[in-house]
Amino acid sequence: MYDLNIRRLLIGKPLKTNDAIHQRLNKAKALAVFSSDALSSSAYATEAILLVLVAAGTGALGISMPISLLITSLLLIVAFSYYQTIHAYPNGGGAYIVSKDNLGALPGLTAAASLLIDYILTVAVSVSAGVAALTSAFPELLSYRIILALAIVAFVTVMNLRGVKESGTFFAIPTYAFIVGVFTLIGFGLFRVLTGTIPEMSPEAVVAAEQTSETAIGSLGLFLLLRAFAAGCTALTGVEAISNGIPAFRPPESRNAGQTLIIMVTVLSSLFVGITFLANTFPIVVSEHGDSTVLSQLAREVFGGENLLFYYLQFATLFILSLAANTAFADFPRLASLIAADRYLPRQLTNIGDRLVFHNGIISLAVISSILIIIFDAREHRLLPLYAVGVFISFTLSQSGMVRHWLRERAKPNFKGGASWYFKIFMNAFGAVATFIVMLILMITKFAEGAWIVIIAIPTLMFIFTRIHKHYGTVAESLTLEGLTPGPLKRVTSHVVNQPVVVLMNSLNRCSLQALEYALTLSENVRVCTIGVDDETVDRLQKRWEEWDLGYIPLDIVESPYREVGTPLIEYLHQLDKEAPHVMPTMVVLPQFVVSTWWENLMHNQTSNTIRDSLMRDQIATGRGRAVIDVPYHIGGKLFQPVTQVVENTAKSKAAPVSN
């Protein structure tokens, strides 16, 4: 009881399935939810470039401006590609769906693995960067950075468990506070540049690394330039988020998502270029081991010290970086649910929780990202080399898939070509080549720094996908009704028994047929109950019920507007008990398939355990015992044959002539 009260306090009361449409986001809230990852990257992308260039000396730092402009051009190309994806695939799914539909299952799984890993890293990097912003303002908190980071992850997790709409409302303020803060910084900085009031550089406050040199820009090696470019490409992370979350927008979904993408790219480009310009103009110290970030130093210099505006920007940066994790929390569960629906991840990831969110995906992301934060000591610079590799793999596959999409469009009878079609396919093809080149640069330049971990992790995750898919294939083969002739089951009771018996099922397959046939041996009074969590599942069961001519067995559909099983089932059983008070409480028969290994057991909803717990609590509350019978069915074992069909097949085999 106390656990339930705490849960309600943290995440709120359950929402009805019919309330889903009211949980959609307008463009203002959607920008906060889906764009915070991309917008927050402006807080550290410039610093990532400078940290690479400073190795060549102070003279090399000036090249950061051309690099940022080149990255911005790439951003516009990728954004245009995803704008097309949003309108071509209005149901969302982004790179995974585009790659799977146009390039095949293997590229689709590659994109899926890349994005899932990138979302995990997004949480770890953004939260660690947020803590770095906080410790820049309050250095005494440095020793508590891991605890602070884990606390932020826990907070964002709880807010997302409360629902997309509520988290969007809460996190909208920090997003716009950051945008206003950085634009204020850029505005003040430009004013000081135009008025010539830039602080003079002193020997102690020049742009420097651990040691400076007189190296000129012309002596920069190509590899160093490529490393700097690759480091700055973290500014592109998060661009794909809107295409994955289209169903969360209010109608018309595609148009609203596309407009939000345009706003996001415009704001991000302005922030990134503006911060880079100021970093080249004002005296700051660039150091990997420094206690103060580049953005924090710029705020001190531009605003004239640690005043109100300085602290405003520091806290706004902390909140936006933490909120960037919110983008991953919004997209990771959606993507994981799509992959799970295709049977490449555990089916539990498709479950919708009390607040109409994919709660299992949210919790999984929180746990994995927290482990990363602990391993890398909440240092974003240690995590950044792992970052962006996966997202550029997905960029390349998504744009390549869109090229194939446009080629397929040309093959349709009603195809209308023209300059528009050529422009679209050219931009996608050019973008695919560009992001592929960047992907190679990232892999090469960041390989020794830690990118090798991601390069190994992606195929490892794909291997896990295939093992899970193979298991679900085995389950489907064991449960399929193929090979069976639809028809009524034979009642095999030797005497009349009126004890009420209820068989629970959500689909008609060999496992549930076996349980139903067993129930018919117990009583003449047998009913089947299905909890109506999903309308499509109920419709499919009713259709199969008619195909198998099972109308003589009552099929009761119990509505569950809150998608829970226990409470509606108990209420249903109590009603049956009232209708037959002179007999024992209604007996419950549970079909349950059994797998061979522990990890296979993790792949399935433990619904039967939930039902048993609910029945046990009900028995304690009412003081009446209720018989609950499990009917196990071994996956991968001998296929179940209904008694009627076994008898028919035996008779046919006996009647068949024997050849000499």
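Numbers for the structure displayed
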| quantity | calculated |
| --- | --- |
| Candidate aspartates and glutamates - alpha carbon under 15 Å from Lys470, same-chain residues fewer than 8 apart omitted | Asp342, Glu600 |
| Using θ = phi - 60° and Karplus 6.51 cos²θ - 1.76 cosθ + 1.60, couplings along region 534-539 (whole Hz; Gly, Pro as x) | 10, 4, 5, 5, 5, 4 |
| Check: the chain dipole with +1 on Lys, Arg Cβ and -1 on Asp, Glu Cβ, in debye | 1360 debye |
| Per-residue Cβ neighbour rank within 10 angstrom, fewest leading, Glu380, Glu140 | Glu140, Glu380 |
| Per-residue HN-Hα couplings for region 567-578 [Karplus 6.51, -1.76, 1.60; θ = phi - 60°; Hz; x = Gly/Pro] | 4, x, 5, 4, 4, 5, 5, 4, 5, 5, 4, 5 |
| Tail fraction, Cα-Cα pairs, region 412-472, threshold 13 Å, whole percent | 75 percent |
| Tail beyond 22 Å, pair distance distribution of region 434-549 (Cα, percent) | 58 percent |
| Relative contact order computed over region 501-650 (Cα-Cα under 8 Å; 6+ residues apart), in percent | 30 percent |
| Under Karplus coefficients 6.51, -1.76 and 1.60, residue-wise ³J(HN,Hα) of region 135-152 in Hz, glycine/proline x | 6, 5, 7, 10, x, 5, 8, 4, 6, 10, 4, 5, 4, 5, 5, 5, 5, 5 |
| Ranked packing of 311-320, 358-367, 618-627, 436-445, most packed first, by mean Cβ within 10 Å | 311-320, 358-367, 436-445, 618-627 |
| Exceeding the 29 Å Cα-Cα cut-off - candidates Lys416/Lys543; Lys165/Lys412; Lys27/Lys424; Lys165/Lys543; Lys16/Lys543; Lys100/Lys412 | Lys416/Lys543; Lys165/Lys412; Lys165/Lys543 |
| Val631 long-range amide H proximity, modeled H, under 5 Å | Leu590, Gln592 |
| Residue (of Ile531, Pro561, Gln641) at the positive-pole extreme of region 501-650, dipole from beta-carbon charges | Gln641 |
| Cα pair distances exceeding 18 angstrom across region 501-650, given as percent | 60 percent |
| Calculated log₁₀ intensity ratio I(q)/I(0) where the Debye formula runs over C-alpha points of the chain, q = 0.05, 0.06, 0.07 Å⁻¹ | -0.30, -0.42, -0.55 |
| Exposure proxy ranking, count of Cβ atoms within 10 Å, fewest first, for Cys233, Cys511 | Cys511, Cys233 |
| Between region 539-568 and region 65-110, the Cα center-to-center distance that results, in Å | 41 Å |
| The chain: relative contact order as a whole-number percent, Cα under 8 Å and 6+ apart | 20 percent |
| Ellipticity estimate at 222 nm from DSSP helix runs (n ≥ 4, -39,500 (n - 2.57)) divided over the chain, nearest 500 | -20500 deg cm²/dmol |
| Other-chain or far-sequence residues with amide H under 5 Å of Leu25's (modelled H) | Phe249, Arg250 |
| Residues with amide H under 5 Å from that of Val503, placed H, sequence gap 5 or more | Arg527, Val528, Cys529, Val589 |
| Exposure proxy ranking, count of Cβ atoms within 10 Å, fewest first, for His604, His634 | His634, His604 |
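Bear in mind that the values in this text are calculations on the coordinates, not laboratory data. In this text the structure is predicted, and so the values were computed from the model without any measurement. FYI the Cβ positions are ideal-geometry reconstructions off the backbone, even for glycines, and counts take in every protein chain you see.
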